[in-house]
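The values are calculated or read from the model by the stated rules, or taken from the named source; none is laboratory data. Note that the coordinates shown come from a computational prediction; the quantities given were computed from them, not determined experimentally. All Cβ positions, glycine included, derive from the backbone under ideal geometry; neighbour counts span all protein chains shown.
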């Protein structure tokens, strides 16, 4: 689940952006959610694509290799973003500090609406019959 809100500080610039892009056709079962500069995030997603293609079937390893490159390669160190990546089985939050985190309860959120999204995800996990519409009120 991802909202489509793009904000600069407290100002909503766009409310219907597509922020859960699919990766390349070779990795079509995986999705990536990001918070940060779009150009930075797409640069990182392209790098992740190449890591996934180099390590087929090794999703965790590809994500660790991306994080390793991100915190050690000089030009990648300047990229400011956070990524949430999933292949439908595993879920990771990746940061420029080299972190590859597995979120508690398989729920991750980030960005300006992250706290609301996290609360909604937890509500859906706790009470399985809730829909997004019922949580939003």
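Annotations
- Search result, residues across the range 103-118 that are touching a helix residue (DSSP H, G or I) at 6+ places or on another chain (Cβ under 9 Å) and loosely packed, with under 13 Cβ neighbours inside 10 Å: 105, 106
- Selected residue [in a loop (DSSP other than H, G, I, E, B) and modelled with pLDDT of 80 or more] from 16, 89, 3, 63: 89
- Against the test of being at pLDDT 85 or above, in contact with a helix residue (DSSP H, G or I) (Cβ under 6 Å, 6 or more places away or on another chain) and either part of a helix (DSSP H, G or I) or surrounded by 16 or more Cβ atoms within 10 Å (Cβ to Cβ) (or both), the options 48, 76 yield a single qualifying residue, 48.
- For the range 92-118, taking the residues that are part of a loop (DSSP other than H, G, I, E, B) and within 19 Å of residue 47 (Cβ to Cβ), the one that is modelled with the highest pLDDT is identified as 99.
- Residue that is surrounded by the fewest Cβ atoms within 10 Å (Cβ to Cβ), among those in the range 52-73 that are over 13 Å from residue 87 (Cβ atoms) and touching a helix residue (DSSP H, G or I) at 6+ places or on another chain (Cβ under 8 Å): 54
- Members of the range 119-137 that are surrounded by 11 or more Cβ atoms within 10 Å (Cβ to Cβ), part of a helix (DSSP H, G or I) and modelled with pLDDT under 75: 132, 134, 135
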